[in-house]
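A short worksheet on the structure shown next.
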Amino acid sequence: MTDNKYDRQLRLWGADGQKRLSEASILLINAPAAGTETLKNLILPGVGFITVLDDKLVEERDLGTNFFVTKDSIGKSRAEITMELLTELNEDVKGAHIHESPSKYINEKNLEFFKQFTLIIACDLTDAEIDILCDIGDELGLGLIFLRSYGMIGYLRLYKKEHACIQSKHADKELDDLRLAEPFEELEKYALEFEMSSLGSLEHGHTPYVIILIKALHKWKEAHDGKMPSNFEEKDAFKATIKEMARDFSKEANFNEAIENAYKAFSYESVPYEIQQILDNPKADSKEFHSNFWTLVSALKQFIAENGCLPVSGKVPDMTATSDFYITLQKIYQEKAKEDREKIKEIITKQADEKGLMEMLFEDEDIKVFCENARNLEVTRMENYKQELENPNTEDISAEFFDPDSSVQWYVAVRCAEAFRTTNSRYPGETKEQIESDVAEMSALVPDLLKKLGADESFEYNYDHIHEIARYSNSTLHNIGALLGGVGAQEAVKLITEQYTPLNHTYIFDGAHCKSQVFNP
Amino acid sequence: METENLDERYRDLDNLFLRDSKFAPELFAPNDALKTILFDAAKVLVIGAGGLGCEILKDLALSGFRDITVIDMDTIDVTNLNRQFLFRKKDVGKHKSEVAAAFIEERCSGVKVTAHTNMIQDFDADFYREFHVIIAGLDNIEARRWLNALLHSMVEFDDDGKPDIATVKPLIDGGTEGFRGQARLIMPHMSGCFECTLSSLPKQNSYPMCTIAETPRLPEHCIQHAYVIQWPEHFKDKKVDKDSPDDMNWIFERAKERAESYNIEGVTYFLTMGVVKNIIPAIASTNALVSAACVNEALKVATFCNKSVDNYFMFMGQTSVYTSTFPFEKDENCLVCASQRESQTVAGSKLLKEFRDELQEKFTLSNPGLTAESTNKTLYISGPLGKKTKQNLELSMAQLVESGFLDKQDIIQVTDKAIPTVMKVYVKIE
C-alpha cells in the first residue's frame with residue numbers, strides 16, 4: 001500500500017514537478033469563488049505557500065457562492081477567513097493574508113512586494129490594473145493568471161512574457177528518438193552486422209523493427225545514390241522491399257511494425273524546425289546568464305555545432321523482439337545517450353568558464369531530462385495585455401469570424417463589457433433599468449473592435465451576446481468560478497512545474513452552451 | 001432552526017432567474033418562483049463521493065440545491081487526499097458518502113445531504129424515480145452501464161411512441177483522466193446514451209500474454225508475469241488483495257527477480273502498484289472543472305435559465321487547452337436505447353455457442369443468458385438452473401429452429417449482470 005497522498009499526481013508530473021510545486025509561493029488578489037477555487041486546486045496537490053490579498057469583508061452573498069467562508073465569519077476579513085479555511089485542506093501548505101486594498105499594491109507598482117511570489121492569480125481586475133500587473137510580471141519574470149466571470153461566462157487570461165518548458169509531454173508526440181534515417185556509428189554497425197538469415201523462426205519474427213529498417217534503408221540508399229525514398233511511389237517501393245525480407249509477412253509482427261514505423265525515418269529532421277527557432281534566439285548566444293534553461297540551450301547549440309545532431313534521448317519504445325535483442329538494442333541507445341550527456345556536461349562547464357560564471361549547479365538528472373527532451377523543448381511567448389487591447393494580433397482570431405459557432409462572439413462581448421467598466425466604473429446592467437442603455441453603449445463599441453480584430457466585412461455580429469452579458473452583469477456563479485478554478489489551476493501547475501504546454505493566452509467558457517475556446521489576439 | 005437569509009445569500013442567481021434572455025430555451029420565463037423551485041422542491045442524486053463527487057456536492061450546495069442525496073460504498077484511502085477535499089487524514093477508513101455529507105451540511109447551513117453506503121444496484125427504480133436529476137461521478141464502466149440502462153427502462157412512451165418527458169430522468173455524467181475529462185447530458189431515449197458510446201471508449205492498456213510469458217522487455221511485462229502467472233501458481237486458491245502491502249510486496253519481489261534475470265531495469269514498487277491496480281492519474285483541477293460543468297448543466301436542467309449542453313463536452317488540458325462540444329448521436333443498434341433495430345441475419349449453420357460468444361464480445365457482456373421471445377423458451381442460461389440448456393450451445397441455429405426453440409425470424413432476449421434490463425436482439429435465421 002502506498003501511503004503517499006500525492007501518488008495519483010506523481011504519476012503525471014513526477015518527483016521534480018512535485019518539488020517545484022512544493023517550493024512555489026502563490027499570491028491571490030481578491031478572493032471570490034474563482035480565486036479560492038483555484039487556490040484549493042493548488043493547495044490539495046501541495047503548493048508551498050499561499051497569500052491572500054483582499055480588503056473586503058465576508059457578506060451573506062459570499063455564503064451563496066464561495067465555499068471558503070462560513071456563516072459566523074460574516075463581517076470579518078475575507079482574506080483572513082478564506083486563507084484559514086483553504087490552508088486547513090492540507091497541512092503541508094502554509095499561508096498568510098493581507099487585509100488591504102489590492103489597488104494600492106498594484107498602482108504603486110510595489111516590486112519588493114510582488115517579487116516574493118512565483119505566480120499571481122488575480123480576480124475581477126479592471127483593464128488598467130491588469131495592464132500594470134503585466135508590466136510587473138515582465139520586470140520580475142512572473143506568471144500571471146487573471147480570472148473574471150460574468151454570470152454564465154468565464155474568462156481566463158494567462159500572461160508570462162516568455163515561458164520555457166523542457167518536458168512538454170505533448171499528447172500527440174512520441175518521445176522516442178531512434179535515428180533510423182541517420183543511425184549513429186554503433187547502431188549502424190550493430191544493425192548491419194545483425195545476421196538474420198541463420199535465425200530460427202522465433203528469432204526471425206522477433207528481430208526488432210529498428211534493425212529491419214536500418215538494413216532496408218541502407219540497401220535502398222546503396223541502390224539510389226545515397227538518397228532516401230522521397231516520393232509516394234518510392235516509399236511504397238521501399239515498403240515492398242521490407243515485405244520481401246519477411247519469411248511470412250502475415251505472421252511476423254516485427255515486419256509489420258517496420259512498415260508502420262517507416263514514416264519515422266522518412267520524416268526525420270536532425271534538428272526540427274521548432275528547436276532551430278529556439279537555438280536562433282539571441283539568449284542562446286548571450287554571454288550573460290538568463291536562466292538555467294538558456295544555459296542548457298546554449299550548450300545544446302554548441303553540441304549541435306560539434307556533432308551535427310541533437311543528443312540521443314536513449315528512449316526505446318516497446319516493439320516485437322526477444323528479450324535479448326531488445327535489451328541489447330536498448331543498451332546501444334542508452335550508451336550513446338550517456339556519451340552525449342557527458343559531452344553536454346563538458347560544454348556547460350566550459351561555457352560557464354568562458355562567461356566567467358560560477359559553474360552552474362546542474363544535477364546529472366537535470367541534464368538527463370534535458371537531453372531526453374531535446375526534441376520537445378518549447379518556448380511560449382504571450383502577447384502583452386496592452387498590446388492585445390491596442391493592437392491585437394489578428395493572425396488566428398480573424399479566421400474565427402468565418403465560423404458562426406465560434407465563441408469569439410463572447411470574446412467581443414467581454415471586451416465591450418470591460419471597456420464599459422473602464423468608462424463607467426461599474427458592470428453593465430447592474431439594475432434592470434440600466435440594461436437597455438448599457439446594451440446600446442456596449443453595442444456602439446462593436447464595429448471598431450471587429451475592425452481591430454481583423455473580422456471580415458461580411459461578418460455579422462450577433463448582438464444577443466451583448467444583451468446576455470448585460471443580463472448576467474456582475475453575477476458570480478459558483479459553477480463558473482469552480483470551472484475557472486479548475487482550468488486556472490491546471491495552467492498554474494504547468495507554469496510552476498515547467499511541464500506541459502500552457503494555453504496561449506485567453507480561455508473563454510460559455511456556460512450558456514457548455515462550450516469553450518482558446519484565443520490569442 | 002434559525003431563519004436563513006436565502007434571498008440575499010443566493011442573490012447572484014437573481015439575474016439568471018428574473019431577467020429575459022435570448023439564449024434560454026422557449027420554456028423559460030423570468031420568474032421569482034424559480035428560486036423557490038430550486039430551494040424547496042428540487043431533489044438531486046449524486047452517485048459517487050470521490051474526486052468528482054466531493055466537487056459535485058459542493059457545487060450543488062452553492063448553486064441553490066438544498067435537498068441532495070449521495071451514494072457511495074467506498075471508504076476513504078490516503079491516496080484520495082490530493083483531490084477529495086472533504087476528507088482529512090483522520091477520516092481514512094470511514095465511508096466517503098457519510099463524511100462528505102456531514103462536511104457539506106456543516107459548511108453550508110440549511111443544505112440537507114442524505115448519505116447511503118450501498119451499491120447503486122441495491123436500489124430499485126422507485127428509489128431513482130424520486131429525483132429530478134441524477135449526476136454521476138463514477139470511475140468505472142460497469143456502474144455507468146447499469147445506471148444508464150435502469151434510467152432508460154423507467155421511461156414510458158405515449159401512443160405515438162414518444163417518450164413521456166415526466167418519466168425521463170436527466171443523467172449528467174462526468175469523468176476524468178489526468179488533464180482530460182468530459183461532461184455529458186443523457187436524456188434517456190431522447191439523446192445518445194452511455195451504451196451507444198461504449199465502443200468509442202479507449203481500450204485498457206494490456207500486454208500480450210506471449211510477451212509476458214516468453215519475451216519480456218519492459219518492467220511492466222515482469223510485473224504482469226508476477227501478478228497473472230506466478231501468483232496463481234504459488235497461491236492456488238487465494239486471490240491477490242491489491243490493498244494488502246504483503247501481497248503487493250510479494251508481486252514486487254517476484255517481478256524484480258524476473259527483471260534481473262533478463263537484465264531489465266525499472267521495476268519499482270511505485271510502478272508495480274500502477275500496473276497491478278491499473279491506476280489512473282487523478283488531479284484536483286480536472287475534477288473541479290468537470291464537476292463544475294456537470295452541476296452547471298444540473299442548474300440549467302432544473303430551471304431552464306439557459307439551454308442545456310448538446311450533449312457532450314470534452315476537455316483536454318495537456319497541451320494548451322482543446323475542448324469540443326458536440327451531440328453524441330444515438331446508435332441505431334444500441335442494446336439499451338434503440339427502439340427498433342434492424343434484424344441481423346444469422347447463418348443457420350452457426351452454433352448457438354458461436355452466436356453467444358459474438359454477442360458477448362460485441363456488447364462487452366460477462367455471461368449472457370438467452371431466451372427466444374416467440375416461444376418464451378430459454379436457449380441458454382448459466383449456473384445450476386441452466387444445466388439442461390448447456391447442450392443447446394452445441395446446436396446450430398437451424399437445429400434450434402427445427403426443434404421448436406426458436407422462430408426463423410425472432411427476437412432473442414439477452415440478460416446479463418452488466419445491464420439491469422432485458423436487451424433485445426432481432427435475428428433472421430437463414
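The values are calculated or read from the model by the stated rules, or taken from the named source; none is laboratory data. Given the structure is predicted, the values throughout are model-derived calculations rather than measurements. So basically every Cβ, Gly included, is an ideal-geometry build from the backbone, and we count neighbours across all protein chains shown. What goes into the accessible areas is simple: the full protein's heavy atoms, side chains included, and nothing from ligands, DNA or RNA. Shrake-Rupley method; radii C 1.70, N 1.55, O 1.52, S 1.80 Å.
Of the residues A:Ser286, A:Ser250, A:Ser298, A:Ser313, the single one that is of a type in the set (Gly, Ala, Ser), within 17 Å of A:Glu378 (Cα to Cα) and not in a helix (DSSP H, G or I) is A:Ser313. The condition of being under 34 Å from the mean Cα position of the chain (by Cα) and either within 11 Å of chain A (Cβ to nearest Cβ) or free of Cβ contacts under 8 Å to residues at least 24 places away in the same chain (or both) holds for only one of B:Asp12, B:Asp7, that being B:Asp12.
Report those helices (runs of 4 or more DSSP H) wholly inside segment A:98-209 carrying at least 2 residues which are assigned by TED's automatic domain parsing to the domain that holds A:Asn256 and not charged (D, E, K, R). Walk me through how you get there before you give the answer.
Values: elements: A:102-107, A:111-114, A:127-140, A:185-193, A:201-204.
In segment A:98-209, A:185-193, A:201-204 are the helices (runs of 4 or more DSSP H) which contain 2 or more residues that are assigned by TED's automatic domain parsing to the domain that holds A:Asn256 and not charged (D, E, K, R).
Across segment A:372-388, the number of residues qualifying as buried (at least 18 other Cβ atoms within 10 Å of the Cβ), part of a helix (DSSP H, G or I) and at pLDDT 95 or above comes to 2. The C-beta contact set for segment A:76-102 (first residue within 14 Å of chain B (Cβ to nearest Cβ) and under 18 Å from A:Ala24 (Cα atoms), second residue among the polar types (S, T, N, Q) and surrounded by fewer than 19 Cβ atoms within 10 Å (Cβ to Cβ), distance under 8 angstrom, 6+ apart or interchain) comprises A:Asp92/A:Ser22. Residues that are of a type outside the set (Lys, Arg), within 13 Å of chain B (Cβ to nearest Cβ) and outside any loop (DSSP other than H, G, I, E, B) within segment A:418-450 comprise A:Glu433, A:Gln434, A:Ile435, A:Glu436, A:Asp438, A:Val439, listed in sequence order.
Can you find even one residue in segment B:48-70 that is more than 20 Å from A:Glu60 (Cα to Cα), of a type in the set (D, E, K, R) and in contact with a Lys or Arg (Cβ under 9 Å, 6 or more places away or on another chain)? Yes; the residues of segment B:48-70 include at least one that is more than 20 Å from A:Glu60 (Cα to Cα), of a type in the set (D, E, K, R) and in contact with a Lys or Arg (Cβ under 9 Å, 6 or more places away or on another chain).
Could we say that B:Lys43 is within 27 Å of B:Met273 (Cα to Cα), more than 8 Å from chain A (Cβ to nearest Cβ) and surrounded by fewer than 21 Cβ atoms within 10 Å (Cβ to Cβ) here? Spelling it out, it is not the case that B:Lys43 is within 27 Å of B:Met273 (Cα to Cα), more than 8 Å from chain A (Cβ to nearest Cβ) and surrounded by fewer than 21 Cβ atoms within 10 Å (Cβ to Cβ).
Among residues of segment B:292-310 that are within 8 Å of chain A (Cβ to nearest Cβ), those with a Cβ under 7 angstrom from a residue that is open to solvent by 10 Å² or more (accessible area, probe 1.4 Å) and of a type in the set (Phe, Trp, Tyr), sequence gap 6+ or separate chain, pair up as B:Asn306/B:Phe23; B:Lys307/B:Phe23.
Within segment B:243-254, does at least one residue satisfy the condition of being within 8 Å of chain A (Cβ to nearest Cβ), more than 30 Å from A:Thr476 (Cβ to Cβ) and surrounded by 21 or more Cβ atoms within 10 Å (Cβ to Cβ)? So far as segment B:243-254 goes, yes, one or more of its residues are within 8 Å of chain A (Cβ to nearest Cβ), more than 30 Å from A:Thr476 (Cβ to Cβ) and surrounded by 21 or more Cβ atoms within 10 Å (Cβ to Cβ).
Here is the figure for segment B:106-130: residues that are in contact with a helix residue (DSSP H, G or I) (Cβ under 7 Å, 6 or more places away or on another chain) and either aromatic (Phe, Trp, Tyr) or loosely packed, with under 11 Cβ neighbours inside 10 Å (or both) total 1. Just one residue in the set A:Asn504, A:Asn474, A:Asn462 is more than 7 Å from chain B (Cβ to nearest Cβ), open to solvent by 40 Å² or more (accessible area, probe 1.4 Å) and under 21 Å from A:Phe146 (Cβ atoms); that residue is A:Asn474.
Selection of segment A:39-55 for residues being farther than 13 Å from A:Phe117 by Cα, open to solvent by less than 10 Å² (accessible area, probe 1.4 Å) and not β-branched (Val, Ile, Thr) yields A:Leu39, A:Lys40, A:Asn41, A:Leu42, A:Leu44, A:Pro45, A:Gly46, A:Asp54. The set of residues in segment B:257-282 being out of contact with any strand residue (DSSP E or B) (no Cβ under 8 Å at 6 or more places or on another chain) and at the interface with another protein chain (Cβ under 7 Å from one of its Cβ atoms) consists of B:Tyr262, B:Asn263, B:Ile264, B:Met273, B:Gly274, B:Ile279. Taking segment B:258-296 as the range and being on the phi > 0 side of the Ramachandran plot and surrounded by 20 or more Cβ atoms within 10 Å (Cβ to Cβ) as the test, no residue passes.
Is it fair to say A:Glu139 is farther than 23 Å from A:Thr501 by Cα and either away from every other protein chain (no Cβ under 14 Å) or surrounded by fewer than 19 Cβ atoms within 10 Å (Cβ to Cβ) (or both)?
No.
Listed here are the residues, each with its yes/no results for (1) more than 14 Å from chain B (Cβ to nearest Cβ); (2) over 30 Å from A:Asp510 (Cα atoms); (3) basic (Lys, Arg).
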{"site": "A:Gly151", "(1), (2), (3)": "no, no, no"}
{"site": "A:Tyr159", "(1), (2), (3)": "yes, no, no"}
{"site": "A:Ser168", "(1), (2), (3)": "no, no, no"}
{"site": "A:Leu178", "(1), (2), (3)": "yes, yes, no"}
{"site": "A:Leu187", "(1), (2), (3)": "yes, yes, no"}
{"site": "A:Phe194", "(1), (2), (3)": "yes, yes, no"}
{"site": "A:Gly205", "(1), (2), (3)": "no, yes, no"}
{"site": "A:Tyr209", "(1), (2), (3)": "no, yes, no"}
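Could you tell me whether B:Gly137 is in the same structural domain as B:Leu52 (by TED's automatic domain parsing) and on the phi > 0 side of the Ramachandran plot? Considered against the rule, which asks whether it is in the same structural domain as B:Leu52 (by TED's automatic domain parsing) and on the phi > 0 side of the Ramachandran plot, B:Gly137 comes out as no. Within segment B:81-110, restricting attention to residues that are more than 19 Å from A:Thr87 (Cβ to Cβ) and among the polar types (S, T, N, Q), the residue that is farthest from the chain's Cα centre (by Cα) is B:Ser109. When segment B:297-341 is filtered for residues that are small (Gly, Ala, Ser) and either over 24 Å from the mean Cα position of the chain (by Cα) or surrounded by fewer than 17 Cβ atoms within 10 Å (Cβ to Cβ) (or both), the ones remaining, listed by number, are B:Ser320, B:Ser324, B:Ser339. One residue is enough: does segment A:297-308 have a residue meeting the conditions open to solvent by less than 30 Å² (accessible area, probe 1.4 Å), under 29 Å from B:Pro219 (Cβ atoms) and in contact (Cβ under 8 Å) with a residue 12 or more places away in the chain? Taking every residue of segment A:297-308 in turn, none turns out to be open to solvent by less than 30 Å² (accessible area, probe 1.4 Å), under 29 Å from B:Pro219 (Cβ atoms) and in contact (Cβ under 8 Å) with a residue 12 or more places away in the chain.
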